[in-house]
Structure formats: structure tokens, C-alpha cells
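Below you will find the structure I want to go over with you.
Read-outs: derived from the displayed coordinates by stated rules, not from any lab. Since this is a predicted model, take the numbers as computed values, not measurements. All Cβ positions, glycine included, derive from the backbone under ideal geometry; neighbour counts span all protein chains shown.
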Amino acid sequence: MMTPHTFFSQKLPREGWREGTPLQHVCLAEQVHGDAILYADKRDTQSAGDALYTDIPGVIVGVKTADCVPILLTSSIAVAAVHAGWRGTALRVAEKAARLLCERYALAPEDIAAHIGPCICQNCYETGPEVAEALGPEAAEYIRRRGAKCFPDLRAVNAHWLRGVGVRDIRVSPDCTRCQSDQYWSHRVHGAARGFQISAAWLEE
């Protein structure tokens, strides 16, 4: 049996962030707001994808965010890191990652813990109707509407998808990257000048 670990950073700069952090050897994918899930066996996975998983002790899988939802899935056999913006949420990338871990490692959903990290909150996340349409009718209860504007709760939608596959241990950070933009980078606040947060998971023997 192995012990899973999780790490959620606050603000990191664009350059030089590996030095002096627990993330010197973190594996990252080229995030494209999709649903590709990649296996990581070493540092710096370069393929395009929005989720990484590993079963190798000491290999750290991570995602970058700055308003999108970081989701870490942990078990005693394998861990995954998932990047879920509204497109990834609509594609159910976190649900697909949980299913993959269950199928590949013969895990029960109850064996997986989900950790949903700091991201933009529902009150701050104003979108057009195209986002609600992409998320679909099953997510409607997690979307507030004000005229043509929609306010999705991406944390709640991802938790809903995970509960749908049987994951019960779901831990959700209350922090909002826009409300707390002094602590976190927010794309909506800082724009192109921003850095990012790293969310990471790994196994230890």
C-alpha cells in the first residue's frame, strides 16, 4: 500500500517557479481544455492533455490553473491531476479520469478521494448561454441565470459528475481565485500578466 499526497499552491510566477518548491519534478501536460488523459512516468510530459495519472511512487502529476478547476484524484494505488475549465467540465474529464482509475486498477469508486481546489466561484463566473448549453440539462441545477447571463458553479458540476460514478469522498476548497486575487492568480483579474497555481498529487511508498 502507498500513501497519496496532494499539494495546492497559491501564486507562482511564470518563470523560475520550480526552484525551491516541492514541484521541481512535477509532470505537466500541454493543457488544451479537452478530455485527454495521459499516463506519466517521468518529469515534464509534453503531450496535449488535461489530465495526468500515475501509479509510480515519487512521480508527481500536476495541472496549472488560474480560475479553472483543479481536481486531484487519489487512492493507495494511483493518483491523477485534472484541469477542468468549462469545456473540460462539459466533457466530464474528471469523471472520465475517475472511471479510468477504476477500470485500470480494479478500484471501487469508494477507494478514490477527490480534492477540488481553489477556482473561480459561481458568483464571479459570469458567462454567456453557450456555457450552460455545453454543460447540458443535467447541470442545470448548478447554474444561476440572470437575463442572458449565466453563472455556473463548476465546482458543484464536477462534484456532481464524480458522485455519478460513485466517488463519495469529495473535498472542496471554498477559496475563489477571483475573490482572493491577492492570494491566487485569476485570469479574469490579472489577464495576460498572470502566473498560475499548481495542483499536484503523488504516491509515496
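Return the sequence-ordered ³J(HN,Hα) values of region 117-130 in whole Hz as given by the Karplus equation 6.51 cos²θ - 1.76 cosθ + 1.60 applied to θ = phi - 60°, using x for Gly and Pro.
Rounded to whole hertz, the list is x, x, 7, 6, 8, 4, 4, 8, 9, 8, 9, x, x, 5.
How many percent of the alpha carbon pairs in region 132-205 exceed a separation of 19 Å? The partial results should precede the final answer.
Working: 1513 of 2701 pairs.
Tail of P(r) above 19 Å: 56 percent of Cα pairs.
With springs only between Cα atoms under 10 Å, which of A29, A192, A78 fluctuates most in a Gaussian network model of the chain?
Among A29, A192, A78, the largest GNM mean-square fluctuation belongs to A192.
Starting from the 7 Å offset along Cα-to-Cβ, what nm value, one decimal, do you get for the label separation of E103 and R18?
Rounded to a tenth, the inter-label distance reads 3.3 nm.
Which Cys residues of the chain have no other Cys Cβ less than 4.7 Å away and so no disulfide-compatible partner by this rule?
C27, C68, C102, C119, C124, C150
Given the pairs K11/K96; K11/K149; K42/K96, which are separated by over 25 angstrom at their Cα positions? Can you show the working numbers first?
On the way: K11/K96 28 Å; K11/K149 29 Å; K42/K96 22 Å.
Over 25 Å apart, Cα to Cα: K11/K96; K11/K149.
Divide by every residue of the chain the summed helix terms, -39500 (n - 2.57) for each DSSP H run of at least 4, and state the resulting mean residue ellipticity at 222 nm, rounded to the nearest 500 deg cm²/dmol.
Numbers: 5 runs with 40 residues, N = 205.
Computed mean residue ellipticity for the chain: -5000 deg cm²/dmol.
Step through the residues of region 160-170 one at a time and calculate ³J(HN,Hα) from phi using the Karplus curve (6.51 cos²θ - 1.76 cosθ + 1.60, θ = phi - 60°), rounding each to whole Hz and writing x for Gly and Pro.
Here the 3J(HN,Hα) series is 4, 4, 5, 4, x, 9, x, 6, 10, 8, 10 Hz.
For E130 and D41, what does the FRET efficiency come to when R0 = 45 Å and r is the distance between their Cβ atoms, rounded to the nearest 0.05? Please list the in-between numbers first.
Details: r = 38 Å, r/R0 = 0.83.
So the FRET efficiency works out to roughly 0.75.
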